[in-house]
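Step one of this worksheet: look at the structure below.
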Amino acid sequence: MINMWTMPAFMNRMMVRRSLTFITGLVECLCFAGVVFGWASLVFVLKTEGYFSSLCVNSTGVNATQDLDCSGQDEQLSLVFPIASFLFAFLTLPNGFLFDRFGTTVARLFGIFLYTTGTLMLAFSTAALSNLLFPALSLLAAGGNFFLLTNMQIGNLFGSRRSTVITLYNGAVDSSSVIFLVIKVLYEAGVSLLAPFLFLSACSVIHLLRTFFLMPRGHIPYLMPDDYTYGITCGKSRTISLEQITANGNAQTTTEEVEDISVKQEKSFRECLMSRFFVWHVVWLSVMQLRHFLFIGTLNPMLQRLTAGEPSLVNQYINAFAITQLCGVLCAPWNGLIMDRHKGKPRAAGESEQEADLRASVLSLFLTALQCLVFSVCATIPNLPLQYFTFVMQVINRSFLYGGNAAFVSVAFPSRHFGTLYGLVMALAAVFSLLQYACFALVNGPLDGDPLYVNIGLTLLTLLAFIHPLSVFMHCRRLASQRAINAFS
């Protein structure tokens with residue numbers, strides 16, 4: 001039992017632990033969770049190493065050392081990222097279920113195993129074993145997804161800054177794509193691919209230490225009790241439940257009883273699934289994610305086209321794109337601050353915490369859709385210097401998109417369904433992103449390599465994303481009107 005004398009020391013220890021959890025979680029997301037999204041940098045190295053070079057042929061169809069047609073090599077390499085990016089999103093559903101059902105420790109141990117296997121495959125892959133790229137990048141995506149999923153709950157430790165932490169971690173995932181740029185720079189300096197990927201494998205020791213010492217075995221609750229603790233301690237690891245004494249000193253209600261009452265008042269999983277919020281949120285994420293996946297997957301061929309195949313120019317723009325990705329961790333928290341801006345301010349009479357959160361999310365949802373529209377228009381215009389601005393808009397929008405997605409699911413639906421609902425949203429959006437294969441086929445076939453009309457179509461498709469913030473805004477307005485009516489009745 002914690003008494004008034006031991007409580008300050010307990011709180012100080014927990015503040016230190018929460019700070020370490022936050023910082024190490026940020027580093028984990030920044031350096032590991034989303035490295036697959038740096039594919040544009042890695043593919044440059046893989047082509048130099050000769051991966052899938054056997055698909056390069058001369059005009060007579062015989063392998064040669066000059067005047068090669070390497071379109072077959074480009075097509076094969078262009079398939080690796082779509083598969084990995086699809087799995088990163090789609091596997092969030094089984095990963096989320098595993099996380100909800102078995103807790104943080106089990107989910108993270110499985111994720112660490114997948115991630116380590118993927119890095120080892122990349123470390124020992126060669127041009128002769130080019131097909132290892134497919135399972136290796138897929139395992140990296142699946143393992144990285146576990147890192148993000150289990151770290152997002154850390155936002156619950158920081159109450160009024162919950163959305164800011166969630167969006168910051170998602171932005172860090174975007175920025176982690178710079179790891180492949182670092183590998184590219186090391187490769188150009190004479191370091192083989194073996195060393196950096198073995199180093200990433202060895203870092204699994206750090207992930208294990210975080211799992212046991214700085215993460216909960218189960219889940220971090222929201223709203224979180226003041227006396228909540230987690231991780232392995234020198235003594236007995238436990239979550240202490242203080243008795244909350246009412247004013248008359250007779251009735252006693254434990255935190256578990258309060259949680260039981262709140263659970264009974266929450267929406268069921270089926271009700272969440274059938275809600276208008278869920279449907280339009282899936283549409284909102286799907287159309288914008290498709291735009292981003294197609295842009296990243298076709299970036300190298302697009303730059304080849306705009307630079308007339310000049311290798312130095314392609315390398316320059318690839319590096320510029322990779323460097324801008326690092327800024328995702330700086331852009332994402334602004335979205336969280338937008339969603340948390342009402343925290344600490346008095347709410348309207350009768351307004352619930354969830355309603356205030358939803359009202360604050362409208363601006364975030366709208367700005368994200370607007371950013372995507374601007375990004376898509378810039379990507380559509382076949383002007384090479386303009387692509388610098390396209391890169392900037394892409395990283396800003398991507399950081400807003402995934403951070404806002406996770407933050408909205410966390411405020412719009414019960415926390416006990418977060419892992420499964422978040423996973424289902426990502427999985428459905430991933431299925432929708434399979435349309436990128438049809439887009440690739442259309443560009444490489446009837447359109448003869450010119451993506452202009454596909455880009456125009458995707459730009460028009462992004463207009464659907466504006467329906468979601470409008471729907472949430474109308475919902476909050478109806479609730480406000482209902483409160484006003486009740487106040488005068």
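Apart from one condition, residue 279 fits all of (1) at pLDDT below 90; (2) in a helix (DSSP H, G or I); (3) surrounded by fewer than 18 Cβ atoms within 10 Å (Cβ to Cβ); the exception is (1).
Condition test on residue 128, is it open to solvent by 20 Å² or more (accessible area, probe 1.4 Å) and of a type in the set (Gly, Ala, Ser)? If you could, list the steps in order and put the result at the bottom.
Details: open to solvent by 20 Å² or more (accessible area, probe 1.4 Å): yes; of a type in the set (Gly, Ala, Ser): yes.
The answer is yes for residue 128.
Kindly check whether there is at least one residue in the stretch 43-55 that is at pLDDT 80 or above and under 21 Å from residue 292 (Cβ atoms). Yes, the conditions are met somewhere in the stretch 43-55.
Quick one: is residue 337 open to solvent by 40 Å² or more (accessible area, probe 1.4 Å) and either touching a residue at least 24 places away in the same chain (Cβ under 8 Å) or of a type in the set (Val, Ile, Thr) (or both)?
Details: open to solvent by 40 Å² or more (accessible area, probe 1.4 Å): yes; either touching a residue at least 24 places away in the same chain (Cβ under 8 Å) or of a type in the set (Val, Ile, Thr) (or both): yes.
It is true that residue 337 is open to solvent by 40 Å² or more (accessible area, probe 1.4 Å) and either touching a residue at least 24 places away in the same chain (Cβ under 8 Å) or of a type in the set (Val, Ile, Thr) (or both).
Here's the yes/no breakdown for (1) open to solvent by less than 30 Å² (accessible area, probe 1.4 Å); (2) out of contact with any helix residue (DSSP H, G or I) (no Cβ under 9 Å at 6 or more places or on another chain); (3) not in a helix (DSSP H, G or I):
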{"residue": "152", "(1), (2), (3)": "yes, no, no"}
{"residue": "197", "(1), (2), (3)": "yes, no, no"}
{"residue": "208", "(1), (2), (3)": "no, no, no"}
{"residue": "222", "(1), (2), (3)": "no, no, yes"}
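Only one entry in 460, 442, 447 is open to solvent by 70 Å² or more (accessible area, probe 1.4 Å) and more than 29 Å from residue 359 (Cα to Cα), namely 442.
Each residue in the stretch 1-27 was checked for being at pLDDT 85 or above and open to solvent by 70 Å² or more (accessible area, probe 1.4 Å), and 4 pass. Does any residue of the stretch 146-166 turn out to be aromatic (Phe, Trp, Tyr), under 14 Å from the mean Cα position of the chain (by Cα) and closer than 16 Å to residue 207 by Cα? Yes, because at least one residue in the stretch 146-166 is aromatic (Phe, Trp, Tyr), under 14 Å from the mean Cα position of the chain (by Cα) and closer than 16 Å to residue 207 by Cα. Of 314, 287, all but one fail to be modelled with pLDDT of 90 or more and either buried (at least 21 other Cβ atoms within 10 Å of the Cβ) or under 30 Å from residue 42 (Cβ atoms) (or both); the exception is 287.
Just to be sure before I move on: is residue 462 modelled with pLDDT of 90 or more and among the hydroxyl-bearing types (Ser, Thr, Tyr) in the structure I sent? Even if it seems obvious, please write down each step before you answer.
Values: modelled with pLDDT of 90 or more: yes; among the hydroxyl-bearing types (Ser, Thr, Tyr): yes.
Judged against the criteria, residue 462 is a match.
Residues in the stretch 412-439 that are buried (at least 23 other Cβ atoms within 10 Å of the Cβ), under 29 Å from residue 162 (Cα atoms) and over 16 Å from the mean Cα position of the chain (by Cα): 413 alone.
Filtered by the rule that a residue be under 23 Å from residue 394 (Cα atoms) and surrounded by fewer than 17 Cβ atoms within 10 Å (Cβ to Cβ), the stretch 340-373 gives 363, 370. Residue-level check: of (1) among the β-branched types (Val, Ile, Thr); (2) modelled with pLDDT of 90 or more; (3) under 26 Å from residue 423 (Cβ atoms), residue 164 misses just (2).
Conditions (1) within 19 Å of residue 29 (Cβ to Cβ); (2) in contact with a Phe, Trp or Tyr (Cβ under 6 Å, 6 or more places away or on another chain), marked per residue:
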position	(1), (2)
151	yes, yes
159	no, no
176	yes, no
186	no, no
207	yes, no
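Do you know which residues across the stretch 371-401 are β-branched (Val, Ile, Thr), modelled with pLDDT of 90 or more and under 16 Å from residue 321 (Cβ atoms)? Walk me through how you get there before you give the answer.
Quick first cut of the stretch 371-401, residues β-branched (Val, Ile, Thr) only: 374, 377, 380-381, 390, 392, 395-396.
Next, from what is left, pick out any that are modelled with pLDDT of 90 or more: 374, 377, 380-381, 390, 392, 396.
390, 392, 396 - these are the residues of the stretch 371-401 that are β-branched (Val, Ile, Thr), modelled with pLDDT of 90 or more and under 16 Å from residue 321 (Cβ atoms).
Only one of the listed residues (473, 400, 466, 391) is open to solvent by less than 60 Å² (accessible area, probe 1.4 Å), hydrophobic (A, V, I, L, M, F, W, C), more than 16 Å from residue 295 (Cβ to Cβ) and touching a residue at least 24 places away in the same chain (Cβ under 8 Å). That residue is 466.
The values are calculated or read from the model by the stated rules, or taken from the named source; none is laboratory data. Just so it is clear, the structure is predicted and the values come from calculations on it, not from any experiment. Here Cβ is always computed from backbone atoms with ideal geometry, including for glycine, and neighbour counts include all displayed protein chains. The protein model used for the area step is the full one, side chains on, heavy atoms only, and it has no ligands, DNA or RNA in it. Shrake-Rupley method; radii C 1.70, N 1.55, O 1.52, S 1.80 Å.
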